[in-house]
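The values are calculated or read from the model by the stated rules, or taken from the named source; none is laboratory data. Keep in mind that this is a model prediction, so the values were computed, not measured. Because the Cβ atoms are built from the backbone with ideal geometry, glycine has one as well, and the counts that use them run over all protein chains shown. Side chains are part of the model used for accessible areas, which takes the heavy atoms of the whole protein and leaves out ligands, DNA and RNA. Shrake-Rupley method; radii C 1.70, N 1.55, O 1.52, S 1.80 Å.
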Amino acid sequence: MRKSIGSLNCLVRQGENAKHSVVLLHGFGADHADLFPLADLLDPRGEWNFYFPNAPHEVPVGPMWSGRGWFPISVRDLESGIDFSEVRPPGLDESAAMVSDLLFHLESEKLVLGGFSQGAMVASEVAMTQAQDLDGLILYSPTLLDSKNWSVKAQNLTGKKILMSHGHQDSVLPFAGAQKLCDLFKNAGANCQMIAFSGAHEIPSLVLQKTRAFLETL
């Protein structure tokens, strides 16, 4: 089912409990359909509502092919191995505000936010600004952004459950960036579980199994 919530267009898989929601943000260059199949894999009993918003910006991916992005990333930055930990990307605040508005409209009693890659970066930003609304945070292949500000904001996540995964062979966002992010959350008092796997920029079956178990604990 497609539904506009706030200013974002979403794909929705409805569950049995209208007040239990999972929101997953796709990565750069993909769209809301990319993670949609995960709903049935993560919640085979159909207990949760899953929302997959489309990022607001259209981005070129290849000849005659475009995807969506939460904020701009240049190919030059990626190829040069930019250190995202020292950067607050233009457009992050605007996309985070849109996702926050989406969460507000859901009026959920139990709420989990997550994302993959760039979506995980936006999810992290949102989680640190409205941690009181979240029961869990799921971050697939994330990295640390804006360390100066995030090290302060992370204090809001004290006691929160966070599931994070990252591949040791990830050439898009190196493993070290995710480890720094997990350490930042732990130092702030969050319960951050890191699933490290031998792989690249992906979500392997092991991570899906761990995520399913994570949701069952909430």
With both partners inside the chain, how many of the DSSP beta bridges are antiparallel, as a percent to the nearest 5?
35 percent
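Hey, got the dipole for the chain? About the Cα centre, +1 on K and R Cβ, -1 on D and E Cβ, debye to the nearest 20?
Values: 17 positive and 24 negative charges, 68 e Å.
That gives the chain a dipole magnitude of about 320 debye.
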The stretch 6-69: which GluC sites (Glu not before Pro) are DSSP loop and have at most 11 other beta-carbon atoms within 10 angstrom?
GLU16
Rounding to the nearest 20 debye, state how big the charge dipole of the stretch 1-40 is about its Cα centre with +1 on each Lys and Arg Cβ and -1 on each Asp and Glu Cβ.
180 debye
Once fully extended, how much extra length lies between LEU218 and GLN179, figured as 0.36 nm per residue of separation less the alpha-carbon to alpha-carbon distance?
11.7 nm
When you take every Cα atom in the stretch 1-151, what is the radius of gyration, and what is Dmax, the widest Cα pair distance, in Å?
15.1, 47
Anything over 27 Å Cα to Cα? Flag those among LYS110/LYS186; LYS110/LYS153; LYS3/LYS110; LYS19/LYS180; LYS148/LYS210, in the order listed.
LYS19/LYS180; LYS148/LYS210
Contour minus Cα-Cα distance for GLU58 and GLN155 (0.36 nm per residue)
31.6 nm
Considering only protein heavy atoms and a 1.4 Å probe, what is the carbon-and-sulfur percentage of the accessible area of the chain?
51 percent
Give me Rg over Rh for the stretch 65-218, both radii from the alpha carbons and Rh done the Kirkwood way, two decimal places.
0.94
The stretch 1-102: which trypsin sites (Lys or Arg not before Pro) are DSSP loop and have at most 13 other beta-carbon atoms within 10 angstrom?
LYS19, ARG45
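Ignoring ligands, DNA and RNA, what accessible area per residue does the stretch 95-149 give at 1.4 Å, in Å²?
Computed with neighbouring chains in place, this is 29 Å² per residue.
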Please turn the phi angles of the stretch 164-169 into ³J(HN,Hα) values with the Karplus equation 6.51 cos²θ - 1.76 cosθ + 1.60 (θ = phi - 60°), one per residue in order, whole Hz, x for glycine and proline.
10, 9, 6, x, 5, 9
Just reorder SER205, SER95, SER171, SER147 by solvent-accessible area, largest first, 1.4 Å probe, all chains present.
SER171, SER205, SER147, SER95
Once phi is turned into θ = phi - 60°, what whole-Hz ³J(HN,Hα) does the Karplus curve with 6.51, -1.76 and 1.60 give for every residue of the stretch 203-217, x standing for Gly and Pro?
10, x, 4, 4, 5, 5, 4, 5, 5, 4, 5, 4, 4, 5, 8
For the residue pair GLN193 and TRP65, what label-to-label distance in nm results when each label sits 7 Å from Cα along the Cα-to-beta-carbon direction?
3.5 nm
Percent antiparallel among DSSP beta bridges (both partners in the stretch 57-158, rounded to 5)
50 percent
Over the stretch 67-218, what is the mean sequence separation of C-alpha contacts under 8 Å (at least six apart), divided by residue count, expressed as relative contact order in percent?
20 percent
